[in-house]
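This report concerns only the one structure given below.
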Amino acid sequence: MTNQQILTHSLPDIESFSFEKHPKRFLNKKLIANTLYMIPLAIAVGFLFYNFSEFPWLGWSGLGLWASILLFSLFVNYKEYFVRGYTLREHDITYRKGWIFHHQITVPFNRIQHTEINHGPIDRLFNLCELEIYTAGGSSSDLSISGLDPKDAQNLKSFVAGKTSTHV
C-alpha cells in the first residue's frame, strides 16, 4: 500500500466549475418573505408612534431604524441570490451560498444515506421546493438546497440516488 502526497496547488479549483443557478422566482420568494418577516417590527414602530406621541423623535427613530434594516436585508438577499448555486462532479455535489458570510458545502456521493424533497406553503406558492441530503451519523440534513424547481429537484434526487447506489 502506498500513500502518495498530494500537493494542494495541484487540486482543481471548485470555482472553475459552473454552478447551476436558482430560478428567478426564488429571488422573488426571498424578497417577499423577508418583507413579511419585517411586519412585526413595523407594528412595534407603530406602537412607538401611538403610545409615545409626546416623544415623536422616538417614533421617527424607530421608523428610520426599521427602514434601514428592511433595505439592508433586501439588499443582502438580492446580492446573495447571485452567489447561490450547486455543481455536480463525478464523486460529489457542492453547494454554495452567502454574500457576506460565504458557505460552501461539498458532500461526497459515497457518504449520502438518503435524500428528501420538501415543499413548504410559501414554496408551493412560488412553485419551488427544497432538496435535503442526509449523510451517515446525523438526524438532520447535511446539505439543503432550497429554491429549486420541482422538476429539477426530482431530477437531482434521481441522479444522486443513482450515484449513491453505484458507490455502495
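The values are calculated or read from the model by the stated rules, or taken from the named source; none is laboratory data. Predicted model only: the values in this text are computed from it and were never measured. Neighbour counts are summed over all protein chains in view; Cβ atoms, including those assigned to glycine, are modelled from backbone coordinates with ideal geometry. These accessible areas exclude ligands, DNA and RNA; they are computed on the full protein's heavy atoms, side chains included. Shrake-Rupley method; radii C 1.70, N 1.55, O 1.52, S 1.80 Å.
Protein heavy-atom accessible surface, 1.4 Å probe, per residue over region 50-149: 58 Å².
Taking amide H positions as modeled 1.01 Å from N, with prolines and chain starts lacking one, the residues under 5 Å from residue 143 and 5 or more places away or on another chain are 133. Mind running the shape call on region 91-168? Use the C-alpha gyration tensor, a ≥ b ≥ c as the square roots of the eigenvalues: rounded below 1.5 for a/c, prolate if a/b tops b/c, oblate otherwise. Oblate, because a/c is 1.5 or more while a/b does not exceed b/c.
Just to make sure I understand: if all protein chains stay in place, what is the order of 160, 83 by accessible area at 1.4 Å, largest first? Don't jump to the answer; show the numbers that get you there.
Details: 160 0, 83 35 Å².
Correct descending sequence by accessible area is 83, 160.
What do you reckon, how do 132, 15 stack up by accessible area (1.4 Å probe), largest on top? Mind dumping the intermediate values first?
Values: 132 30, 15 95 Å².
Largest to smallest exposure gives the sequence 15, 132.
Couplings for region 93-107, taken from phi via the Karplus curve 6.51 cos²θ - 1.76 cosθ + 1.60 with θ = phi - 60°, read 10, 10, 10, 10, 7, x, 9, 8, 9, 7, 10, 9, 10, 10, 10 Hz in order; Gly and Pro are left as x.
Distance between the 7 Å Cα→Cβ label points at residue 19 and residue 61: 4.0 nm.
Label-to-label distance, residue 28 versus residue 71, with points set 7 angstrom from Cα along the beta-carbon direction: 2.6 nm. Rounded to the nearest 20 debye, the dipole size of the chain about its Cα centre is 280 debye, using +1 on the Cβ of Lys and Arg and -1 on the Cβ of Asp and Glu.
Over all pairs of distinct alpha carbons, what does the Kirkwood formula give as the hydrodynamic radius of the chain, in Å? Result for the chain, one decimal place: 18.9 Å. Here residue 104 and residue 44 are evaluated by their C-beta separation; at R0 = 22 Å the FRET efficiency comes out at 0.05. Basic side chains Lys and Arg get +1 at the Cβ, acidic Asp and Glu get -1 at the Cβ, and with that the dipole of region 63-119 about its Cα centre reaches some 120 debye.
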